[in-house]
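To start, the structure itself, in structure tokens.
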Amino acid sequence: VRVFRDKEFIQTDLDCDCVFIAYPTVSFNDTEITALHRYVNNGGGLFLIGEWGNTSNNTSILNTIADKYSVTFNPDRICDPQYFVRDGFQSKIYDVKVFNLRQHPITRGMREFRIVAACSLNAPYDNVVAWASKASFGDLDFDSEQDAYEAGQYLPVLAAVEYGRGRVAFIGDLSFMSNQHILNMNNGQLVINVILYLMHRL
């Protein structure tokens with residue numbers, strides 16, 4: 001697995017089973033983007049991982065890659081005033097429990113997972129793997145209150161697309177696989193399942 005966090009040149013064929021692009025802060029050029037699409041088309045696995053609110057321009061950068069697969073990252077923060085994780089006095093409604101899971105290789109053996117300050121996705125319905133609850137909304141001004149212009153209900157959290165001979169997965173949260181949260185709920189299983197799915201082993 002190769003993880004791209006900051007700027008790295010992707011001009012030649014990628015020699016790995018799957019690539020993670022996590023919270024990028026520097027734009028990819030056309031040559032690099034073409035190389036990534038060629039890699040997926042030839043059977044590679046790509047995991048695009050964003051963060052909330054387009055911080056450091058991360059969602060805009062990811063969308064230059066994700067658009068090819070009809071998925072986009074939104075510049076919001078998923079909040080859920082009903083199904084948030086109540087963990088002491090620091091509880092925040094953007095610390096969200098996700099339990100609306102489609103039957104999919106990525107969700108095998110899972111019941112729920114936890115995201116913290118994630119952005120939502122736009123994706124074709126058949127490509128969405130998990131949604132936040134009916135009470136969820138995409139907070140655009142980050143005040144943790146739903147305003148009239150902020151979309152709500154069943155926000156897409158996780159998506160997967162098959163393209164050519166390859167596969168691409170999308171999520172708007174990096175912290176779900178952090179040391180702090182990987183043992184929460186089924187987060188660890190989610191990481192394992194995504195890797196196996198991208199490697200065509202699920």
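The values are calculated or read from the model by the stated rules, or taken from the named source; none is laboratory data. If you're wondering where the values come from, they're calculated on a predicted model, not measured in any experiment. Cβ sites come from the backbone with ideal geometry, for glycine too, and all protein chains shown count toward neighbours. What goes into the accessible areas is simple: the full protein's heavy atoms, side chains included, and nothing from ligands, DNA or RNA. Shrake-Rupley method; radii C 1.70, N 1.55, O 1.52, S 1.80 Å.
Checking residue 99 against (1) over 22 Å from residue 48 (Cβ atoms); (2) among the aromatic types (Phe, Trp, Tyr); (3) open to solvent by less than 40 Å² (accessible area, probe 1.4 Å); (4) at pLDDT 95 or above, which single condition isn't satisfied?
With respect to (1) over 22 Å from residue 48 (Cβ atoms); (2) among the aromatic types (Phe, Trp, Tyr); (3) open to solvent by less than 40 Å² (accessible area, probe 1.4 Å); (4) at pLDDT 95 or above, residue 99 is out only on (3).
From 174, 190, 198, 155, grab the single residue that is under 18 Å from residue 72 (Cβ atoms) and open to solvent by less than 20 Å² (accessible area, probe 1.4 Å). Quick ask: steps written out before the conclusion?
Values: 174 fails: open to solvent by less than 20 Å² (accessible area, probe 1.4 Å); 190 fails: under 18 Å from residue 72 (Cβ atoms); 198 fails: under 18 Å from residue 72 (Cβ atoms).
Of the residues listed, the single one that is under 18 Å from residue 72 (Cβ atoms) and open to solvent by less than 20 Å² (accessible area, probe 1.4 Å) is 155.
Among the candidates 3, 19, which residue alone is at pLDDT below 85, under 19 Å from residue 174 (Cα atoms) and part of a strand (DSSP E or B)? Before you say what the answer is, go through the steps one by one.
Details: 19 fails: at pLDDT below 85.
Sole residue among the options that is at pLDDT below 85, under 19 Å from residue 174 (Cα atoms) and part of a strand (DSSP E or B): 3.
Looking at 65, 61, 115, 93 in this structure, which one is more than 17 Å from residue 22 (Cβ to Cβ), of a type in the set (A, V, I, L, M, F, W, C) and surrounded by 16 or more Cβ atoms within 10 Å (Cβ to Cβ)?
Details: 65 fails: more than 17 Å from residue 22 (Cβ to Cβ); 61 fails: more than 17 Å from residue 22 (Cβ to Cβ); 115 fails: more than 17 Å from residue 22 (Cβ to Cβ).
The match here is 93.
Wholly within region 30-149, which strands (runs of 3 or more DSSP E) include no fewer than the required count, namely at least 2 residues that are farther than 18 Å from residue 181 by Cα? Break it down into steps so the answer makes sense when it comes.
Values: elements: 45-49, 77-79, 95-98, 113-116, 128-131, 137-139.
Once the strands (runs of 3 or more DSSP E) in region 30-149 are filtered for at least 2 residues that are farther than 18 Å from residue 181 by Cα, what remains is 45-49, 128-131, 137-139.
Check off (1) surrounded by fewer than 17 Cβ atoms within 10 Å (Cβ to Cβ); (2) at pLDDT 95 or above; (3) of a type in the set (S, T, N, Q) for residue 25 and give me the number that stays unchecked.
(2)
Do you know which of the residues in region 60-96 that are more than 13 Å from the chain's Cα centre (by Cα) and aromatic (Phe, Trp, Tyr) is modelled with the lowest pLDDT?
The selected residue is 89.
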